[in-house]
1. Restricting to region B:355-382, give me the number of residues that are surrounded by fewer than 24 Cβ atoms within 10 Å (Cβ to Cβ), in contact with a strand residue (DSSP E or B) (Cβ under 9 Å, 6 or more places away or on another chain) and within 14 Å of chain A (Cβ to nearest Cβ).
2. For region B:243-333, which fully contained strands (runs of 3 or more DSSP E) count at least 1 residues that are surrounded by fewer than 17 Cβ atoms within 10 Å (Cβ to Cβ) and in contact with a strand residue (DSSP E or B) (Cβ under 7 Å, 6 or more places away or on another chain)?
3. B:Arg432: outside the structural domain of B:Thr94 (by TED's automatic domain parsing), farther than 30 Å from B:Met183 by Cα, in contact with a Gly (Cβ under 9 Å, 6 or more places away or on another chain) and not hydrophobic (A, V, I, L, M, F, W, C), yes or no?
4. Quick check on region B:190-204. Is at least one of its residues charged (D, E, K, R), modelled with pLDDT of 95 or more and near ligand 2 (Cβ under 8 Å from one of its atoms)?
5. Does region B:71-102 hold any residues that are within 9 Å of ligand 2 (Cβ to nearest atom) and assigned to a loop (DSSP other than H, G, I, E, B), and which are they?
6. Can you tell me which of B:Leu109, B:Leu11, B:Leu37, B:Leu53 is modelled with pLDDT of 95 or more, of a type in the set (A, V, I, L, M, F, W, C) and surrounded by 24 or more Cβ atoms within 10 Å (Cβ to Cβ)?
7. Taking A:Pro204 as the residue in question, decide whether it is surrounded by fewer than 19 Cβ atoms within 10 Å (Cβ to Cβ) and either away from ligand 1 (no atom under 16 Å from the Cβ) or closer than 24 Å to A:Leu58 by Cβ (or both).
8. Tally up the residues in region A:173-230 that are touching a Ser or Thr at 6+ places or on another chain (Cβ under 8 Å), aromatic (Phe, Trp, Tyr) and without any contact (Cβ under 8 Å) to a residue 60 or more places away in the chain, please.
Amino acid sequence: MTQTTFTPTTEEELSDIIASASAPFDIVGGGTRHTPAGHQRLSTAGLSGVRLYEPGALTLVAGAGTTMAEINALLADNGQRLPFEPMDHRAVLGTSGEPTLGGMVALNHCGPRRVQAGSARDMLLGLRFVDGSGRIVKNGGRVMKNVTGYDIARLHCGARGKLGVMTEISLKVLPLPERTATMALAEPSPIAAVAALSKALGSPFEVNGAAWHQGRILLRIEGFNDSVSYRADQLSRLLPGLTLVDENPWDDLRDARFAATSDRDIWRVSLRASNGAKAAERLMGMGVDVTLDWGGALLWASTDNGFDLRSALGGLHGHATRLRGAGDTPALEPAADGVAQLTSALQKAYDPRGLFNR
Amino acid sequence: MDMPIPSAEILSRRADHIAALKSVVPADRVIEDVIGLRAYECDALTAYRCTPLAVVLPCNTEEVAAVLKLCHDRGIPVVPRGAGTSLAGGSLPTADAVVVGVARLTDVLEVDYDDRIMRIQTGRTNLSVTAAIEEDGWFYAPDPSSQLACAISGNIGMNSGGAHCLKYGVTVNNLLGLRMVLMDGTIIDLGGAHMDAGDIDLLPVVCGAEGQLSIVTEATLRILPKPEGARPVMVAFGSSAVAGACVSDIIKAGIVPVAIEFMDRPCIEACEAFAKAGYPDCEALLIIEVEGSDREIDHQLALIREIAERHNPDEIRESRSADESARIWLGRKSAFGAMGQINDYMCLDGTIPVSELPYVLERIGELSKEYGLGVANVFHAGDGNMHPLILFDANKPGDLQRCEAMGADILRLCIEVGGCLTGEHGVGIEKRDLMHAQFNAQDLEAQMIVKDVFDPKWLLNAAKVFPLDASEARRA
Ligand SMILES: Cc1cc2nc3c(=O)[nH]c(=O)nc-3n(C[C@H](O)[C@H](O)[C@H](O)COP(=O)(O)OP(=O)(O)OC[C@H]3O[C@@H](n4cnc5c(N)ncnc54)[C@H](O)[C@@H]3O)c2cc1C
Ligand SMILES: Cc1cc2nc3c(=O)[nH]c(=O)nc-3n(C[C@H](O)[C@H](O)[C@H](O)COP(=O)(O)OP(=O)(O)OC[C@H]3O[C@@H](n4cnc5c(N)ncnc54)[C@H](O)[C@@H]3O)c2cc1C
């Protein structure tokens, strides 16, 4: 059965749709997401377009339905970018469509540059949204520093639309570097690899990519030409054998494309960097394929279908999300009791009728 | 400034409440004598004072939980306090409130350079956090000017920033986890040594909640290796507008300095008289600091010089040594002290889009004439966070009121041009009633909902942040 799709073009229209709804919605941005629950669809496609872009103030404001393709192109034209490297899930999830700004914030997307530039939430300046009662709300703004009232804008980062439908988003952007360089060093052991990554990240050379993939340590440095040469030189002294390589592994790492071709389950695990090393060693012994990013603090695992990764991790992790695959365990990490109570109370407060993404 | 009328019922049972506090925590944690309480009657917004019912200084999270549970059960309001340096009245008590201070929670619990984290108790001062790791070549980035005195607890309460946040972000960007106690005594852990949350992340709303959601007792902080070096350049201009245009051009050119600070003539003159830093005689001055190795610094400073020269500066003074850097920073760092020498002043904290700088400075000049009060401008230009200092005479009847009225006009101006009331100091009581100018009823409701969830009885620092008329029904 085909589902009704609502495509509001204004906040008022969206508010009316929500206020008069009697059944839950799937909030759809680009629809590149994995498994819509089969509810009526609430598309953000009509809430799109760049509203304001001031390169000299590092500020971008756009409708939540604006495609990432449009935003990335505009920024690139002006020598700027979203520094946190939002992931493109199409390869690994086998979906099509154009990812949107709203979907990106709703998932708090970020790639390898997390170690330096943070995630979407760190660059979020403000947003507008409509909650489950149809209330149109503004929070934060377009300026770079703002502590006026509670920061409920950042609550939406990673909330997957459970607190409301975002309509407009303001972000801080940053300049593109003059040069990007990648360095590599063979290292079969995850323990030794993470120790080396820690050394690099603990240096003043502003490493902004630090991964261990297929038996190699990968480091990225960016900046002015001369600066990159200098830092590459310093880093190769710090980690003998580390050399510049003429390749760009970072987009593949960002999108976990290395896991796209198999049909195994894919897990994304966030954990303390040194635990990343321990977890990698343990999982490899269980036949799990492991890649580490964020200096060890992000672990990608491809496992046999239905594998209970969380038990296998034995408490080493902060949280683990099953990005692809099914199983008896929930896809998202269950929160501790106290936190879960607060979170579900918040969800009820913003969405008393349970309309969003349940 | 209106505050809610204290509960006569609570005041009349004061002795009983204090005895009860002493039954749940050791008696030496409780301060009840008039002289002891005096230190807690205000924060750095000294124009407003009130003696609290009692003060408790717990020695661990469990004691905080015991005190909160007791106050919760008895319906006694609680005001969380760090070091009391809030400029917004964030830690100002009411007469019927128990102040719960974290001043005795100062331990470093863990430092891990491999994982680039540090876990501390939140009563520790900002500067002593960095001091604990400095010798090993590390630092904690957010650096409010009050860092010698202010505590991490207050930094979390206000989501404080500092001169270097253009590059490193503010508190929320450097906070990975925390332990906190809810008003009913429940102890909650959020986040940890890992970098993000798996689902809805409560951390960013607790950070900056001005002590209204919980009392934070421990924090996991992101720490960073120190840069190889840092050096500033000072550029003097004939007008504020040109200085503003120069800032925008630097950023457009792809350079993100660690700090860009702005001072106008009244501020430069006061600093010069006070600190004798040898600043040029000019209308506006920028201090721009960059980081890296010597060679990297030279390169960035050369780029900045090139851009600045296009704006016909009066003077460019580039630091070549630690000594010269210190001299350039001397005046800026003593700005607040310098103004304090010549006048009473009120420090505003609105943020504006950088592009609106010339217009806003012009309007502030006009308001200054209308009200007959002097204004000196010093601020973080890279991110548009302004600190206009309005000069007044506290001994002159009516001056404080005029100053507050002018401050409110300037903040409304910030909102009008697309900015906000406060960039880093917080709302507290100071800007509470101006919240109506920035937010409509729906916006405020969407924020107050969060407090309903964390503190259903509205006992924690309830008379702050939200306009009293907006929060009245909930506080009743
Ligand atoms: C760690 C992780 C966990 C994931 N978990 C899930 C999951 O639990 N369920 C799932 O279906 N997909 C999940 N995905 C897949 C992801 O949704 C897609 O891969 C894609 O990145 C989203 O971009 P999009 O614009 O196509 O957004 P969509 O696929 O259209 O939406 C992405 C998410 O954001 C929400 N959303 C989109 N726009 C708005 C808006 N304007 N306001 C509020 N919410 C909005 C959607 O409801 C959806 O939850 C997950 C991905 C990652 C990396
Ligand atoms: C000279 C001077 C310069 C300053 N410069 C800056 C600056 O550059 N940048 C900047 O951002 N600020 C600045 N400030 C403001 C002030 O120092 C900051 O707001 C600081 O973070 C307050 O810390 P505190 O420990 O003194 O907190 P307090 O004043 O004690 O409390 C601040 C707020 O946090 C809450 N709070 C305190 N402890 C807790 C806790 N344990 N749990 C939950 N909530 C709590 C309080 O209830 C209150 O609302 C300056 C102040 C002065 C006096």
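The values are calculated or read from the model by the stated rules, or taken from the named source; none is laboratory data. Note that the coordinates shown come from a computational prediction; the quantities given were computed from them, not determined experimentally. Neighbour counts run over all protein chains shown; Cβ positions are idealised from the backbone, glycine included.
1. 1
2. On the way: elements: B:259-264, B:284-291, B:315-318.
Hits in region B:243-333: B:315-318.
3. Numbers: outside the structural domain of B:Thr94 (by TED's automatic domain parsing): yes; farther than 30 Å from B:Met183 by Cα: no; in contact with a Gly (Cβ under 9 Å, 6 or more places away or on another chain): yes; not hydrophobic (A, V, I, L, M, F, W, C): yes.
Here the answer is no, as B:Arg432 does not meet what is asked.
4. The answer is no, given that none of the residues of region B:190-204 is charged (D, E, K, R), modelled with pLDDT of 95 or more and near ligand 2 (Cβ under 8 Å from one of its atoms).
5. B:Gly82, B:Ala83, B:Gly84, B:Thr85, B:Ser86, B:Leu87, B:Ala88, B:Gly89, B:Gly90, B:Ser91, B:Leu92, B:Val102, listed by residue number.
6. Working: B:Leu109 fails: surrounded by 24 or more Cβ atoms within 10 Å (Cβ to Cβ); B:Leu11 fails: surrounded by 24 or more Cβ atoms within 10 Å (Cβ to Cβ); B:Leu37 fails: surrounded by 24 or more Cβ atoms within 10 Å (Cβ to Cβ).
None of the others qualify; the one that does is B:Leu53.
7. Yes: the conditions hold for A:Pro204.
8. 1
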